[in-house]
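Here the structure is laid out as structure tokens; the discussion comes afterwards.
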Amino acid sequence: MKNDSKLELKISVFLRAGVILAGALIAVGQAMKFRLDANPFFNFQTYDPIPLQELILFHLQRRDYATLVSYAGLVVLICLPLFRVLFTAYLFIRQKEFALAGIASGVILALLLAMGLGVEL
């Protein structure tokens, strides 16, 4: 049981570091795009539904690394709940709580399905 509490602490530290990393990436990306002479909210005035793959290729071709860094921060932030549920399922398996591990596995599948349905490639 003592090892499980150490593992839970490691998971907590990992998730906290992930949130800090995501926030830092988003902040750096937005700071790189900031210009004093331009309207900083210009990009948010209209919404264009562009598939993710095309959007990333567009920013790569334009060498718009600021936006790509912000996207990396968003990817890290979106993946953190998935990691949390994955680690929780692992803890339940270690504690031989197979019913709870099954529920956590179902949640993982639901999260993956939701992410898959929400991304248009």
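Quick note: the coordinates plus some simple rules give every number you see, no bench work behind them. Only a predicted model underlies this, so the values are computations on that prediction, with no experimental measurement involved.
The angle separating the long axis of helix 2-33 from the principal Cα axis of greatest extent in the chain is about 0 degrees. Springs join every pair of Cα atoms under 10 Å in this Gaussian network model of the chain, and among Leu74, Leu55, Leu82 the largest mean-square fluctuation is at Leu55. Solvent-free Debye calculation, one equal scatterer per alpha-carbon of the chain: log10 I(q)/I(0) at 0.13 Å⁻¹ equals -0.70.
For the chain, the longest principal axis of the Cα atoms and the long axis of helix 52-61 meet at an angle of about 50 degrees.
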